[in-house]
1. Filter segment 83-96 down to the residues that are closer than 22 Å to Pro51 by Cα and loosely packed, with under 15 Cβ neighbours inside 10 Å, then identify the one that is nearest to the ligand (Cβ to nearest atom).
2. Do you know which residues across segment 27-46 are free of Cβ contacts under 8 Å to residues at least 60 places away in the same chain and under 14 Å from Met64 (Cβ atoms)?
3. Which is at negative phi, surrounded by 14 or more Cβ atoms within 10 Å (Cβ to Cβ), touching a helix residue (DSSP H, G or I) at 6+ places or on another chain (Cβ under 8 Å) and among the charged types (D, E, K, R), of Lys72, Lys46?
4. Considering segment 34-82 alone, what residues qualify as being closer than 17 Å to Glu95 by Cβ, part of a loop (DSSP other than H, G, I, E, B) and more than 7 Å from the ligand (Cβ to nearest atom)?
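The values are calculated or read from the model by the stated rules, or taken from the named source; none is laboratory data. Being a predicted model, the structure only gives us computed values, none of them experimental. In this analysis, Cβ positions are derived from the backbone assuming ideal geometry, glycine residues included, and neighbour counts consider all displayed protein chains.
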Amino acid sequence: MTRGYTFLLTSLAFLLASSAVAADTLDGETLFRERTCFTCHGPDAKSPILPEFPKLAGQNAPYMLRQMRDIKSGARANGNTAAMRGVLHLVTDEEMQVLVQYLSQLASFSAKDPESP
Ligand code: HEC
């Protein structure tokens, strides 16, 4: 009984500590790294690991926010959505807003990028 209680308190303390860290690091570049986004979308957000995965750099912020919310809720669901939905439990709505602002301001993958199709 006491042991269970101690475990509960320790978990609570850990949760509080980690949410404090999250609040401190609420900048898009850090979140993009810490929430593992770069592993699929590429460190520059325009070199995805698979050709079927989207480039994000320079995309419209409101569009990306809508897509992330829809993927998280299940409203958007296609053959590739599961990969993306798997990480969204790590990301709050506030963090999504910071992330899409950061991504929309990166140099676009379109027009000027010679590697873009
Ligand atoms: C495990 C691989 C993976 C990780 C990690 C990942 N994504 Fe994705 N992401 C995808 C895939 C695949 C899609 C396309 C999903 C679909 O087709 O429905 C996608 C779609 C998106 C879209 C919508 C793009 C569009 O053009 O509609 C955004 C925005 C996005 N991801 C941002 C992020 C952010 C921010 C993170 C980090 C919190 C992240 N992703 C982490 C694989 C991943």
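1. Here is the first cut: in segment 83-96, the ones closer than 22 Å to Pro51 by Cα are 83-88.
Pick out the ones that are also loosely packed, with under 15 Cβ neighbours inside 10 Å and you get 83, 86.
Working: Ala83: 4, Gly86: 6 Å.
Taking the candidates together, the pick is Ala83.
2. Let us first name the residues in segment 27-46 that are free of Cβ contacts under 8 Å to residues at least 60 places away in the same chain, namely 30, 33-34, 36, 38-43.
Once the filter is applied, which keeps residues that are free of Cβ contacts under 8 Å to residues at least 60 places away in the same chain and under 14 Å from Met64 (Cβ atoms), segment 27-46 yields only His41.
3. On the way: Lys46 fails: touching a helix residue (DSSP H, G or I) at 6+ places or on another chain (Cβ under 8 Å).
Just a single option satisfies the conditions, and that option is Lys72.
4. If the condition is that a residue be closer than 17 Å to Glu95 by Cβ, part of a loop (DSSP other than H, G, I, E, B) and more than 7 Å from the ligand (Cβ to nearest atom), then Ala45 is the only one that fits.
One line per residue, one yes/no per condition, for (1) in contact with a Ser or Thr (Cβ under 9 Å, 6 or more places away or on another chain); (2) over 18 Å from Leu106 (Cα atoms); (3) at pLDDT 95 or above:
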residue	(1), (2), (3)
Leu26	no, no, no
Pro54	no, no, yes
Gln59	yes, no, yes
Met64	yes, no, yes
